[in-house]
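Have a look at the structure below before the remarks.
The values are calculated or read from the model by the stated rules, or taken from the named source; none is laboratory data. Quick caveat, the model's predicted, so the values are computed rather than measured. Please note: Cβ atoms are built from the backbone with ideal geometry, for glycine as well, and neighbour counts cover all protein chains shown.
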Amino acid sequence: MTQASRTERSASQWGVAWRRFKRSKAGLAGLFMVGALILVALFGGFVAPYPGRPDPRALKPLYDGESLQPPSWKHPFGTASVGYDVLSEVVHGAKYTLYVGFVATIITMGLAVLVGSIAGYFGGAIDETLMRIAEVFLVFPTLPLILAFTRVYSVASGSTYWNVFGLNVPVGLTIVIAILGVFGWAGNARLVRGEFLRVRELEFVMAEKALGADNKRIIFRHVLPNILSPIIVVSTLTIAYAILSEAGISFLGFGDPNAITWGQIMQENFIDIRIAWWTEIFPGIAVLWSVFGFNLLGDGLADALNPRLRE
């Protein structure tokens, strides 16, 4: 098969997948929700009524005597007891949401693909060893580890941000992300392993082996491209899981207080929930929007990329 015909065939497969995806109402709804979240994260700083904390201007409603105000035309999401505009904080928190979702998923899926591909392709003792290690990570209590690490860090470290290419990266939130990624790969690795076991026995892979192709070429040129579909679908669901996990950790009071995430906002205002319901409802809706959006997108992609479905 020539390179041109391979390219045309690949383009045709993705074209078919896009046509299927456009017929999925759930997938399109998820794409819209995720797209809206990305736009808010990228451009929210330009449209938010107030800057985000720790900028002192974020507390302007406090200075104006507008603390603990219900939703109104001036403050659509109301204000908190400490004096900030809830809408502004929710908008500024979107960037941390995407930071958590995408970075944790990159770590998780990177380890999952690495371990799963090696175990599934080589098999034997290597497979057994890696899968036993994966089982240890599957039963490891990740949540207590995250709570312990973040508490130790908050007591022992005075550093709040890392300067990375001119960007201030919150250290505590990054630690949470790293633990979520490092301890969340095992289940996905088993999925990748199963796909490798299936694809490595197909005729075109056996033909490549017979022609003397090395393992690196077979894995990266033939096997991995043929299992991208389930990897993409699982990645969208992993993003949703990471966002929800971080929100839960922050709501329990173990998040990074220097990164104003949606879970952090809910934790700060939980004590006022009886008199200021809006400080809990709107950040909660934001979490629901992002998690639901990525799940719907994953469902749409699962249908679109399923090779067993016909046009």
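Some values worked out for this structure:
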{"item": "Pair list, Cβ under 6 Å, 6 or more apart: region 274-301 residue over 12 Å from Ala29 (Cα atoms), other residue small (Gly, Ala, Ser) and in a helix (DSSP H, G or I)", "result": "Val287/Ala247; Val291/Ala240"}
{"item": "Candidate set: region 116-144, residues that are assigned to a helix (DSSP H, G or I), touching a Phe, Trp or Tyr at 6+ places or on another chain (Cβ under 7 Å) and not polar (S, T, N, Q); chosen: the one surrounded by the most Cβ atoms within 10 Å (Cβ to Cβ)", "result": "Gly116"}
{"item": "Lys74 within 20 Å of the chain's Cα centre (by Cα) and charged (D, E, K, R)", "result": "no"}
{"item": "Val34 at pLDDT 85 or above and more than 21 Å from Leu228 (Cα to Cα)", "result": "no"}
{"item": "Residue match in region 247-264 (condition: free of Cβ contacts under 8 Å to residues at least 12 places away in the same chain, surrounded by fewer than 16 Cβ atoms within 10 Å (Cβ to Cβ) and farther than 19 Å from Leu31 by Cβ)", "result": "no"}
{"item": "Some residue of region 60-79 being free of Cβ contacts under 8 Å to residues at least 12 places away in the same chain, touching a helix residue (DSSP H, G or I) at 6+ places or on another chain (Cβ under 6 Å) and either over 22 Å from Ile281 (Cα atoms) or surrounded by 12 or more Cβ atoms within 10 Å (Cβ to Cβ) (or both)", "result": "yes"}
{"item": "Every residue from region 171-205 that is under 14 Å from the mean Cα position of the chain (by Cα) and β-branched (Val, Ile, Thr)", "result": "Thr174, Val176, Ile177, Ile179, Val182"}
{"item": "Output for region 225-255, where each listed residue is out of contact with any Phe, Trp or Tyr (no Cβ under 9 Å at 6 or more places or on another chain) and of a type in the set (A, V, I, L, M)", "result": "Leu228, Ile231, Ile232, Val233, Val234, Leu244, Ile249, Leu252"}
{"item": "Filter result for Ala17 (farther than 14 Å from Gly93 by Cβ, in a helix (DSSP H, G or I), modelled with pLDDT under 85 and not basic (Lys, Arg))", "result": "yes"}
